[in-house]
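Comments concern the structure below.
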Amino acid sequence: MCGITGIVSPHLAGGSDAATESLTANVVAMTAALRHRGPDAGGTFVDSAAGLALGHRRLAILDLSERGAQPMHSACGRYVIVFNGEIYNHSALRHELDASGAESWRGTSDTETLLACFARWGVAATLKKSVGMFALALCDRAERKLTLARDRFGEKPLYYGFVGSGAGSALVFGSELKALRAHASFNQGVDRGALALFLRFSYVPCPYSIYENIFKLQPGSIATLDASDIAARTCRIEPYWRYEDVARAGLADQIEDEGEGLEALEAALREAIGLQLVADVPVGAFLSGGIDSSTIVALMQAQSARKVKTFTVGFDEAGFNEAPHAAAVAHHLGTEHTEIRVAAEDTRAVVPKLPEMYDEPFGDSSQIPTSIVCAAARREVTVALSGDAGDELLGGYNRYVIGPKLWRALAPPPQALRHLLGEVIGNMPRWGWTGLQLAPALGRGLAPFVDKAYKLGPALGEMQGVDDLYKALVTEWTPGQAPALRASRFKSAIDDDSRYADIREAEHRMMLLDGLTYLPDDILTKVDRAAMAVSLETRVPLLDHRVAAVAWRLPMRMKIRDGKSKWALRQILYRHVPQSLVERPKAGFAIPVGQWLRGPLADWAEALLDESRLRAEGYLDCDHVRKLWTEHRSGTRDWTARLWNVLMFQAWLASQS
């Protein structure tokens, strides 16, 4: 796991001393900005004749010697690479290369394997054979061409864009935005259209970034550029893998026999975990005690000769602490378990660090406990496996269960009646719900129901189907309603019906869309930044693309059954852990941010939401934001999610000055 960065400046090509000095100074500064991603070593490569520079910070995982150092040159001398990630099947790729003509290997790193494969097979063919997570830049010195590539699901980040103007344009890229900002010509303003998307989704969706003319490379894609592309401020992007193709192929080839399906899923997971246990440094795992992480740890322990190191975080706040469940699972499996007990004030102390850590506005408040557990794990291991992606692959989110049911209840009334109902819901004071006697029927209490009702109410009159209901559930504002001033109307993948319209089952459409949007742009972003801030590599076995292919071959009844999610994964887990230890309502990784905003974080929030400040900055509708803040502080409404998005933007904006 590492940090990569680089520059292509055609106007500096030629090799003059001034050009070399400019390239070197910029790439050194950009590389230094990523030191947290790779504290073990750093290196740069400057080809002043081509106007190109590459930088790398190394977190050594495989081949800890200098033979694994980067930037790395191919044996033939034609290619130079900077690489962030892991190729889990690189040993198999080496054997395949050797079988068709022996290679002269210098070391045992997967980076060297990739270079040899690229030289023999080409980039696209190599990536299709590879199992792993990565972001990389490959310089072809013979053709003076740069190739950027990102892994299938987007586990590893890669930003790119153009700085300077006219003939002085340069391409810059890097693992995080802070590397791009370190370039002397970086002068990008806030992209107001991207800001509106952030307020809507709680993250800036791919391919946008919060800055103008800076983008995220899409997962599963390859971008190629030469001097003419940079002069035109464009690049050629082609997918080498498409998640929607995997979904369609799986749905067309369903495993109807349940026993066969469970065996296929467990076999794929075992293989993925076995490959991801390979490292030359200590490996552990996150354990919440839920279905996903418990399954990963159970299969890890089954393949490990020593006790697996597991980590969980416990909170003082009642209703947010899952540590006892994790401890029970760890005891049963016999892991070496560490529970990090965190007081509320320690948790809140993370908040000021978030803008620097996430480098871009990011509104998923579970970033706070994620950063805490990553920091604790890093004290004992360098690599940690996680249970992320079980929800998206195997039907874990509550919206998959309640969404279709709710739409069946909402669809019969005429649209005008639904519109009226939405107005009633939107205007009902919070205390008005208590007289409806809903809490006993809802099981987990009234508050979550009321929050969802307030979110859905304004959109009820416009809904045409369950897909519109899903979009309302996963967004905070409908398109055009977010309080971003003078914002362009950008679309995201969730707005592109062509990517999912032919998927018959509503639940599968939701799962596909979450895998294309929420998974890479929220879940994987959250974990990558929190982990790399403390130089911890995280691995996600459920995102082995072969596991995903099996998951899509399982019929819906093997994902959601009798109102219960992740049926197939549960059956596998029950082979290793008693059902009683893991059966409980889904809790997520939440903390009481809404309560804190009315209490210990109130002054911090008020300073960021100060009326004169909002009006002077000019990015947000001051009256709208202040209304939300007043209602939230008084307790008449709970605007936690919307306000947290606004506050994360405001805190990020303040960190830029």
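The values are calculated or read from the model by the stated rules, or taken from the named source; none is laboratory data. If you're wondering where the values come from, they're calculated on a predicted model, not measured in any experiment. Methodologically, a virtual Cβ is constructed for each residue, glycine included, from the backbone with ideal geometry; neighbour enumeration extends over all protein chains shown. Just the protein is used for accessible areas: all its heavy atoms, side chains included, with ligands, DNA and RNA removed. Shrake-Rupley method; radii C 1.70, N 1.55, O 1.52, S 1.80 Å.
Of all residues in the range 177-185, at least one satisfies being within 29 Å of Gly77 (Cβ to Cβ), at pLDDT 95 or above and open to solvent by 10 Å² or more (accessible area, probe 1.4 Å). In the range 52-74, the residues that are farther than 23 Å from Glu176 by Cα form Cβ pairs under 6 Å with partners that are open to solvent by less than 10 Å² (accessible area, probe 1.4 Å) and of a type in the set (A, V, I, L, M), at six or more places apart or across chains, as follows: His73/Val80; Ser74/Leu115.
Looking across the range 605-638, the residues that are of a type in the set (A, V, I, L, M, F, W, C) and without any contact (Cβ under 8 Å) to a residue 40 or more places away in the chain come down to Ala607, Leu614, Ala616, Cys622, Leu628, Trp629. Just name the residue that is least open to solvent (accessible area, probe 1.4 Å) out of those in the range 232-275 that are among the basic types (Lys, Arg) and over 21 Å from the mean Cα position of the chain (by Cα). Going through the qualifying residues, I end up with Arg248.
Residues that are touching a strand residue (DSSP E or B) at 6+ places or on another chain (Cβ under 8 Å), at pLDDT 95 or above and open to solvent by less than 10 Å² (accessible area, probe 1.4 Å): which helices (runs of 4 or more DSSP H) entirely in the range 496-568 hold 1 or more of them?
Values: elements: 506-516, 525-532, 545-553.
Output list reads 525-532.
Every test in (1) farther than 18 Å from Val527 by Cβ; (2) open to solvent by 40 Å² or more (accessible area, probe 1.4 Å) is passed by Leu299 save one, and that test is (2). For the range 22-112, which strands (runs of 3 or more DSSP E) that fit wholly inside it have 3 or more residues that are within 27 Å of Ala533 (Cα to Cα), open to solvent by 20 Å² or more (accessible area, probe 1.4 Å) and of a type outside the set (Ser, Thr, Tyr)? Output list reads 41-47. Among the numbered conditions (1) surrounded by fewer than 17 Cβ atoms within 10 Å (Cβ to Cβ); (2) touching a residue at least 40 places away in the same chain (Cβ under 8 Å); (3) under 19 Å from Ala377 (Cα atoms), the only one that Glu356 does not meet is (3). For the range 372-397, a residue qualifies if it is among the polar types (S, T, N, Q) and open to solvent by less than 10 Å² (accessible area, probe 1.4 Å), and exactly one does: Ser386. Taking the conditions (1) more than 29 Å from Arg248 (Cβ to Cβ); (2) free of Cβ contacts under 8 Å to residues at least 24 places away in the same chain; (3) not aliphatic (A, V, I, L, M) in turn, Arg486 satisfies each one other than (2).
Give, as residue ranges, the helices (runs of 4 or more DSSP H) completely inside the range 386-495 that count at least 2 residues that are closer than 27 Å to Gly635 by Cα and modelled with pLDDT of 85 or more.
Values: elements: 390-394, 398-410, 415-427, 439-442, 446-456, 466-473.
Once the helices (runs of 4 or more DSSP H) in the range 386-495 are filtered for at least 2 residues that are closer than 27 Å to Gly635 by Cα and modelled with pLDDT of 85 or more, what remains is 398-410, 466-473.
Considered as a group, the residues in the range 232-266 that are free of Cβ contacts under 8 Å to residues at least 40 places away in the same chain and part of a helix (DSSP H, G or I) include one that is nearest to Ala142 (Cα to Cα), and that residue is Asp245. Please indicate, with yes or no, whether at least one residue in the range 574-590 is at pLDDT 95 or above and part of a helix (DSSP H, G or I). Yes, the range 574-590 contains at least one residue that is at pLDDT 95 or above and part of a helix (DSSP H, G or I). Could you please give the count of residues in the range 1-21 that are without any contact (Cβ under 8 Å) to a residue 60 or more places away in the chain, open to solvent by 50 Å² or more (accessible area, probe 1.4 Å) and not hydrophobic (A, V, I, L, M, F, W, C)? Count: 4.
Taken over the range 208-231, the criterion of being assigned to a strand (DSSP E or B) and open to solvent by less than 60 Å² (accessible area, probe 1.4 Å) is satisfied by Tyr208, Tyr211, Ile214, Lys216, Ser221, Ile222, Ala223, Thr224, Leu225.
If the condition is being more than 24 Å from Thr31 (Cβ to Cβ) and touching a Lys or Arg at 6+ places or on another chain (Cβ under 8 Å), then the range 167-203 contributes Arg192, Gly193, Ala196, Leu199. State the number of residues belonging to the range 306-353 that are of a type in the set (Asp, Glu), in contact with a strand residue (DSSP E or B) (Cβ under 8 Å, 6 or more places away or on another chain) and either within 26 Å of Pro600 (Cβ to Cβ) or crowded, with 17+ Cβ neighbours inside 10 Å (or both). Final tally of qualifying residues: 3.
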